[in-house]
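J.: Let me begin by handing over the structure; questions about it come next.
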Amino acid sequence: PPLKETDATTKCMDDNNYKKDMCTDYFLKYKNCRTFWHGIMMQRKRNGVKPEMPPAEERKKILESMG
């Protein structure tokens, strides 16, 4: 799911000649997104829900419910 964040991070790195310190906000957003969806996957795994990663439509509903 952090595809948008991955693309933004890659673009930032390309635009800034691969200077990581220029893209720390993008790395943080990516890390937060990954952490969030990993938590969702682990919760679903503990509850026996398959697939562990929610389908795209369900992910959209989860994000909408959070505001």
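J.: Which of the residues belonging to segment 38-66 are of a type in the set (S, T, N, Q) and either open to solvent by less than 60 Å² (accessible area, probe 1.4 Å) or part of a helix (DSSP H, G or I) (or both)?
T.: Q43, S65 - these are the residues of segment 38-66 that are of a type in the set (S, T, N, Q) and either open to solvent by less than 60 Å² (accessible area, probe 1.4 Å) or part of a helix (DSSP H, G or I) (or both).
J.: Can you name the residue in segment 1-32 that is open to solvent by 100 Å² or more (accessible area, probe 1.4 Å) and hydrophobic (A, V, I, L, M, F, W, C) and, of all such residues, is nearest to the chain's Cα centre (by Cα)?
T.: The qualifying residue nearest to the chain's Cα centre (by Cα) is L3.
J.: Under 8 Å between Cβ atoms, at least 6 apart or on separate chains: pull out the pairs that start in segment 29-41 with a residue that is of a type in the set (A, V, I, L, M) and end on any residue that is open to solvent by less than 60 Å² (accessible area, probe 1.4 Å) and at pLDDT below 95.
T.: I40/I62
J.: With the structure loaded, tell me whether T35 is open to solvent by 60 Å² or more (accessible area, probe 1.4 Å) and either closer than 22 Å to S65 by Cβ or not in a helix (DSSP H, G or I) (or both) or whether it fails that test.
T.: Answer is yes for this residue.
The values are calculated or read from the model by the stated rules, or taken from the named source; none is laboratory data. Keep in mind it's a predicted model, so treat the numbers as computed, not measured. Every residue, glycine as well, gets a Cβ built from its backbone with ideal geometry; the counts of neighbours run over all protein chains shown. Heads up: the accessible areas ignore ligands, DNA and RNA and are worked out on the full protein's heavy atoms, side chains in. Shrake-Rupley method; radii C 1.70, N 1.55, O 1.52, S 1.80 Å.
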